[in-house]
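The values are calculated or read from the model by the stated rules, or taken from the named source; none is laboratory data. Note that the coordinates shown come from a computational prediction; the quantities given were computed from them, not determined experimentally. Note that we place each Cβ from the backbone using ideal geometry, even for glycine, and neighbour counts take in every protein chain shown.
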Amino acid sequence: MRHNGYIIFLLFFTTFLPFGFLSQKIALGQTSGQEVNEKLEDFQKSLQNWMRSFDNIGTQFSELHKDVKETITPLKESSQTIKDVEQKVNTIISRLEKVEQAKSVEEVKNAIDSFGKTFDVFKKLFSDLKKRVEDQEVKTAVLEKKYQEAETPLEPFKKALEDINKLVTEKFAAQEKIFAAADENIKTRAATLDQQIKVFEDLDIRVKNLEKLGAAPSGTVTAEVVAAAPPVPAPKASPVSETVGTETAVVVKEEPVVRGPTPEDEGFKEIGDGFYVRNVNLLPFGSSSQIEGEIKNLSGKDQSIIAFEVKVYNKADLVLFSQDFSIKSFQNENIRTFNEIITGYSPADIARYEVLTKRRY
């Protein structure tokens, strides 16, 4: 309000004072009309400048008011902070007053003793926890030692597994060689059989030619017929001419059919149902034994799966061990190998052994 009064006074002073002087001059007759107009124009310009100055002052006053508000806001926050600090100080003072209001030093001592007892309990708990940790470390060490001791007997089994793996690999390689040899043998036999069939076909053609020619009427005709007939090899058939009266007949004598070797000739032994076995051997396998050999299918048909049985006996002729094994896709006249492990008995414990046919599927 004080600033507004100053502004009104200045406006009154600057507005009416020049008019007072000007009216005084006009009254005295010292000025003319043109001078009056010039004075009015100057006054108008001065009044505009004053108005602009007042506008600038109002703007500056608004900015100052705004700055004052912004300055007061942190002061209010600081005041709140001071109040919070004051409250905390009052709380601390009240606590100190409670301590000062303690009845005697004995109560303080009792509080300290109580705290000491609580601290002793914590110490005991930490001691028990440390002891438990130490006991757990001892148990862990014992378990590690037992694990190592338990793992040591497994070494022979690991070695046995490695030996089995090696043996199986070798057996597979041997079987591949046997299959290759059997395939080559089959091819050779097939070629020989083709040759034999061709020989028998030639012999059949010659016999038919002889049957068509029939008997000759005279000796000269017989000679021509015999000469015209194709020669027959001696080992297969030998034609012989026989004269009955005036007729001559040609008789062909066939030699007996040569049979192949029997399974016994090849070293096989019958084990039942048309199956034969040979080259059966008992070999050591670590602390156990293994039995291997060859089996031939002469049952007259292919077997999808056939089961066999291995039995071993001791010196009292009692069965020590019996184990079944099977062979799949066993074709007729094929030879397959087998290899079985006899666990728990070395070759020295076994007096005899046998392989038998068990059942078919």
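Numbers at a glance
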quantity	calculated
Segments classed as strands (runs of 3 or more DSSP E), wholly inside region 262-361, with at least 2 members that are of a type in the set (Ser, Thr, Tyr)	288-297, 303-313, 319-330, 352-360
Flag for residue 141 being within 30 Å of residue 293 (Cβ to Cβ) and at pLDDT 75 or above	no
Breaking point among (1) in a helix (DSSP H, G or I); (2) over 60 Å from the mean Cα position of the chain (by Cα); (3) at pLDDT below 80, for residue 243	(1)
Residue identified as within 30 Å of residue 283 (Cα to Cα), at pLDDT below 85 and part of a helix (DSSP H, G or I) among 155, 211, 224	155
